Amino acid sequence: MLTWEDFEKVEMRVGTILEARDFEKARNPAYQLTIDFGDYGIKRSSAQITTLYHKEDLPGKQVIAVVNFPPKQIANFFSECLVLGLIGADKTITLLQPERPVPNGLRVA
């Protein structure tokens, strides 16, 4: 079980996708995302969301991500945050998103 103090260490924040590109060197189909987290900066992430999302439709969408993990190298790319989603029975990922537009950088509480 997690303690409340453990949970408080996880920084889940909202950001807006600025750019989505094919991640050709990924083992599984994925996009390279560039996300604006407001005062917390612009971060990049690898996301295996190609089944339900087209890269052309992603810019402008807000997503929830963990922003305080250390960067993780995936092939030739450094992922700086973990975009959160729900894993369906068929392994497809549905992005977690706020129900309405909010300022980038707001923390999930």
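Every read-out reported here was derived from the displayed coordinates using simple, explicitly stated rules and does not represent laboratory data. These numbers were taken from a predicted model, which means no experiment stands behind them. Cβ placement follows ideal geometry from the backbone for every residue including glycine, while neighbour counts extend to all protein chains displayed.
Residues in the stretch 100-106 carry Karplus couplings, in order, of 8, x, 9, x, 4, x, 4 Hz; the curve used is 6.51 cos²θ - 1.76 cosθ + 1.60 with θ = phi - 60°, and Gly or Pro positions show x. Summary: within the chain, the longest segment free of GluC sites (Glu not before Pro) located in DSSP loops with at most 13 other C-beta atoms within 10 Å is 25-98.
Comparing Gly85, Gln62, Gln32 along the charge dipole axis of the chain, the residue lying farthest to the positive side is Gln32, per the Cβ-charge model. 3J(HN,Hα) along the stretch 71-86, derived from phi through the Karplus expression 6.51 cos²θ - 1.76 cosθ + 1.60 where θ = phi - 60°, amounts to x, 10, 7, 10, 6, 9, 10, 9, 8, 9, 8, 10, 6, 9, x, 9 Hz, with x in place of Gly and Pro. Around the amide H of Ile42, modelled in the peptide plane, lie the amide H atoms of Phe37, all under 5 Å away and 5 or more residues distant in sequence or on another chain. Exposed loop sites were defined as trypsin sites (Lys or Arg not before Pro) in DSSP loop states (anything but H, G, I, E or B) carrying at most 14 other C-beta atoms within 10 Å; in the chain the longest segment without such a site runs 28-90.
Can you give the relative contact order of the stretch 4-95 as a percent, counting alpha carbon pairs under 8 Å and 6+ residues apart? Don't skip to the end; give the middle numbers.
On the way: 186 pairs, mean separation 25.7, N = 92.
Relative contact order here is 28 percent.
Under 5 Å from the amide H of Leu106 lie the amide H atoms of Val14, each residue being 5 or more positions distant or on a separate chain, with H modelled from the backbone and absent for Pro and chain starts.
Over all Cα atoms in the stretch 22-61, the spread is summed up by Rg and Dmax: 10.9, 32 Å. Helices in the chain, meaning DSSP H runs of at least 4 residues, each add -39500 (n - 2.57). Divided by all residues, the mean residue ellipticity at 222 nm is -1000 deg cm²/dmol.
Dividing the convex hull volume of the alpha carbon atoms of the chain by its residue count gives 122 Å³ per residue.
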